[in-house]
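Okay, so here's the structure we're looking at.
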Amino acid sequence: MNKQDFNQGLLAFLDASPTPFHATLNMSIRLENAGFIKLDERQKWELKEGEKYFVTRNDSSIIAFTYPKDKNHTIVGTHTDSPNLKLKPKPVIKEHGVVKFAVEPYGGLLLNPWFDRDLSLAGRVSYLDSNNVIQNVLINVKKSIAIIPSLAIHLDENANKERTVNKQTDISPVLTTNADFEFDDFLKLQLEKLGIRNIKALYANELSFYDTANASPLGLNDDFIASARLDNLLSCYVGLLSICSVDDDKPMIFIASDHEEVGSESTSGASGSFLENTLRRMYSDYEDYMQMIRGSILISADNAHAIHPNFPSKHDANHAPHINKGCVIKINANQRYASNSTTISRFMNVANAVNEPYQEFVTRSDMGCGSTIGPLTATRLGIDALDVGLPTLAMHSIRELCGNDDAHSLYKIILGFSK
C-alpha cells in the first residue's frame, strides 16, 4: 500500500473512532473484510491452521492473529484509549440559565485545549429491551452539542500568566438554555435514530466528549497530520494494516488494549489476561506455548515525544526525535520501556533491510519518564519486547500532531519482520 492510500485510510479511521468502542468496531469490520474469522471467548475454539482469526473483549480491546501454528510470532501491541472527558452517571447540572454536563477527566489529558472547542458525545449505552434482555449499543451524536467556554480575559487578568484548571468546577460543557432538558429523553432520541424503540429501561452508559473537528493534513506541503486521538489510534491503524497486509502463512498477532492511559489494570487492559488467554488457546500444549513465547517478539507501538521546536530544552539533545525522520526506538534504563540491546538490534536490522529510517529517544535524566504496555506485557508473558513510537507533538492534547511520513514507514518495517 502506498503512502497516500495509507494516510487517507488513517484519516477516515481517526474520524470514525471517537471512543475505544468505535475503534474496536471499526477494526473488527476491517478484519472481517480481510477474511479474518470472529471468535467468541465464551465458546469453544476449533482453530484450523491456515486460517486467521480475531476476538474482542469488552467491545474495547481486540486481538487478531494469523494461524500457521508457527512458534516465532511478531506481536504488535497498541492501545485503543485516549485521554478525554467522560460523562458522570448523573451528569445534568441546571444553573445560571444553562444546562451543563458533569464530566470526569480520563487519563493525563491537557485540559486547557478543551476550552472553546465544538464538542460531541459518543460511547456505549446499555438498556433493557421489551423482552427483558440487556442490550449494549454504540452511539455517536456527531453533531456539535456542547462547548466549554473560556472565562474572558477581562474577568481573569492573570489568564496569560498563570492558568490553572479546576477539574470539578471549570470544565463542565454547556449544552443548552432549555431548562426542560432531560438526559433520558436525550439518550432515547439517540437510540431511536439507530432504529431502537423497544426500550423498557435505560441502564448504565460510558460516554465521552470529543472534538468534532476532522483529522486533516496540515502544513505548507502537508507535512503533518493533525487529529484527536493520535495517541494511540495512530499505532492501532499501523498494526491493523500490517496484519491485514501480511501473508496468511506468516505468523503475526495484533493486539489493541483498552485502559493504557489509566494504568492498564482491567480485564481488557494490558495488565489483564486477554492476550495470555488467547495465546494459551492458540497453543494448548505448555511446551508449544513456551517455545512460542521465547521465539517471538513483541513490538509495543505507542507515540513518542518529538522535539518541540519552541521548547527544545525539554529533550536530551542527543536523543531528540524529529517529525518525518522515522520511527522512534524508546529506551529507558529503569525499564519504563521494554527495549533492550537484543530487541533493539533486531528492529534496527529489519529497518535497515527495508531501507526505512529510525531514531532513538531517551528522556532527560532529570525528568520523569512515562511507560507503555511494553513492560507490562513482557513481565506478564516473559516475552522479548521493545518499545517504538511515532514522533508526535502536543501529546494528550485534544488535537495532536504527527508527521505525514512516519506511520507508513513503521508499517513497512513491521511487514519486514515477516519476510
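The values are calculated or read from the model by the stated rules, or taken from the named source; none is laboratory data. Everything numeric here is computed off the predicted structure, so don't read it as measured data. Reconstructed Cβ throughout: ideal geometry from the backbone, glycine too, with neighbour counts over all protein chains shown. We work out accessible area using only protein heavy atoms, side chains counted, and drop any ligands, DNA or RNA first. Shrake-Rupley method; radii C 1.70, N 1.55, O 1.52, S 1.80 Å.
Fully extended, how many nm does the chain gain between residue 348 and residue 88 (0.36 nm per residue separation, minus their Cα-Cα distance)?
Here the segment from residue 348 to residue 88 would lengthen by 89.0 nm.
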Between the modelled labels at residue 310 and residue 355 (7 Å from Cα along Cα→Cβ) the distance in nm is 3.9 nm
On average, how much accessible surface per residue is there in the range 156-228, in Å², for a 1.4 Å probe, leaving out ligands, DNA and RNA?
-> 63 Å²
In whole percent, what relative contact order does the chain give with Cα contacts below 8 Å and a gap of six or more residues?
-> 22 percent
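Relative to the present Cα-Cα distance, how much length would full extension add between residue 192 and residue 118 at 0.36 nm per residue of separation?
Numbers: separation 74, 0.36 × 74 = 26.64 nm, distance 2.37 nm.
Full extension of this stretch gives 24.3 nm more.
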Rounded to the nearest 5, the percent of DSSP beta bridges in the chain running antiparallel is 70 percent
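Between residue 71 and residue 154, what is the FRET efficiency for a Förster distance of 60 Å, r being their Cβ-Cβ separation, to the nearest 0.05?
On the way: r = 68 Å, r/R0 = 1.13.
After rounding, the FRET efficiency stands at 0.30.
Report the calculated FRET efficiency for residue 42 and residue 98 (r = Cβ-Cβ distance, R0 = 41 Å), to the nearest 0.05. Display every interim value, and only then the final one.
Values: r = 45 Å, r/R0 = 1.10.
Step by step, r from the Cβ atoms, then E = 0.35.
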Net charge of Cβ neighbours under 14 Å - reference residue 131; Lys, Arg +1; Asp, Glu -1 = +1
Heavy atoms only, probe 1.4 Å: what % of the accessible area of the range 226-324 goes to carbon and sulfur, would you let me know?
-> 45 percent
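In percent, what relative contact order does the range 230-333 have, based on Cα pairs under 8 Å that are 6 or more apart in sequence? Kindly include the intermediate steps, with their values, before the conclusion.
Details: 57 pairs, mean separation 20.2, N = 104.
Result for the range 230-333 is 19 percent.
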Provide the per-residue ³J(HN,Hα) series for the range 167-172, in order, calculated from phi with Karplus coefficients 6.51, -1.76, 1.60 and θ = phi - 60°, each as a whole number of Hz, with x at glycine and proline positions.
-> 5, 8, 10, 9, 10, 7
Histogram of C-alpha separations across the chain, 20 Å bin width, % = 26, 55, 19, 1
Pair residue 2, residue 214: separation of 7 Å Cα→Cβ label points (nm) | 2.2 nm
If you take the beta carbon distance between residue 286 and residue 341 as r and set R0 to 35 Å, what does 1/(1 + (r/R0)^6) give as a FRET efficiency, to the nearest 0.05?
-> 0.75
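I'd like the carbon and sulfur percentage of the solvent accessible area for the range 1-55, probe radius 1.4 Å, heavy atoms only, ligands and nucleic acids excluded.
Numbers: 1310 of 2910 Å².
Carbon-and-sulfur percentage of accessible area, whole number: 45.
Once you list every other residue whose beta carbon is under 12 Å from the beta carbon of residue 16, what net charge do they have if Lys and Arg are +1 and Asp and Glu are -1? Let's see the in-between values first.
Numbers: positive: 30, 142, 229; negative: 15.
Once positives and negatives cancel, what remains is +2.
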Which lysines have a Cα less than 16 Å from the Cα of residue 200, not counting those fewer than 8 places away in the same chain?
-> 188
If you wrap a convex hull around the Cα atoms of the range 213-252, how much volume per residue is inside, in Å³?
-> 81 Å³
For the range 109-160, what's the relative contact order in percent, using C-alpha pairs closer than 8 Å and at least 6 residues apart?
-> 39 percent
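For residue 162 and residue 201 in one chain, what is 0.36 nm times their gap in residues minus the Cα-Cα distance, to one decimal in nm? Mind showing how you got there, number by number?
Numbers: separation 39, 0.36 × 39 = 14.04 nm, distance 4.64 nm.
Going from the current span to full extension adds 9.4 nm.
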Ellipticity estimate at 222 nm from DSSP helix runs (n ≥ 4, -39,500 (n - 2.57)) divided over the chain, nearest 500 = -8000 deg cm²/dmol
So, with points 7 Å from each Cα along the Cβ direction, the residue 16-residue 130 label distance in nm works out to 3.2 nm
Considering amide H positions built from the backbone, and no H for Pro or chain starts, which residues 5 or more places from residue 52, or on another chain, come under 5 Å of its amide H?
-> 37
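Net charge near residue 260, counting Lys/Arg +1 and Asp/Glu -1 over other residues with Cβ under 15 Å of its Cβ? All intermediate terms of the calculation are to be shown ahead of the outcome.
On the way: positive: 57, 229, 330, 336, 380; negative: 81, 231, 258, 261, 265, 302, 387.
Local charge sum for residue 260: -2.
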HN-Hα J in Hz across the range 327-336 - Karplus 6.51, -1.76, 1.60, θ = phi - 60°, x for Gly and Pro | 4, 10, 8, 9, 10, 8, 5, 9, 6, 6
Please calculate how many Å² of accessible area the range 303-351 carries per residue, with a 1.4 Å probe and no DNA, RNA or ligand atoms counted.
-> 53 Å²
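Which of the pairs 52/412; 167/193; 71/325; 44/71 have their Cα atoms more than 27 Å apart in this structure?
Violating the 27 Å limit, Cα to Cα: 167/193; 71/325.
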At a probe radius of 1.4 Å, what is the per-residue accessible area of residue 311, in Å² to the nearest 10?
-> 120 Å²
Sorting 314, 69 on solvent-accessible surface, 1.4 Å probe, most exposed first, gives 314, 69
Run through the DSSP bridge list for the range 267-390 and note the antiparallel percent, rounded to the nearest 5.
-> 25 percent
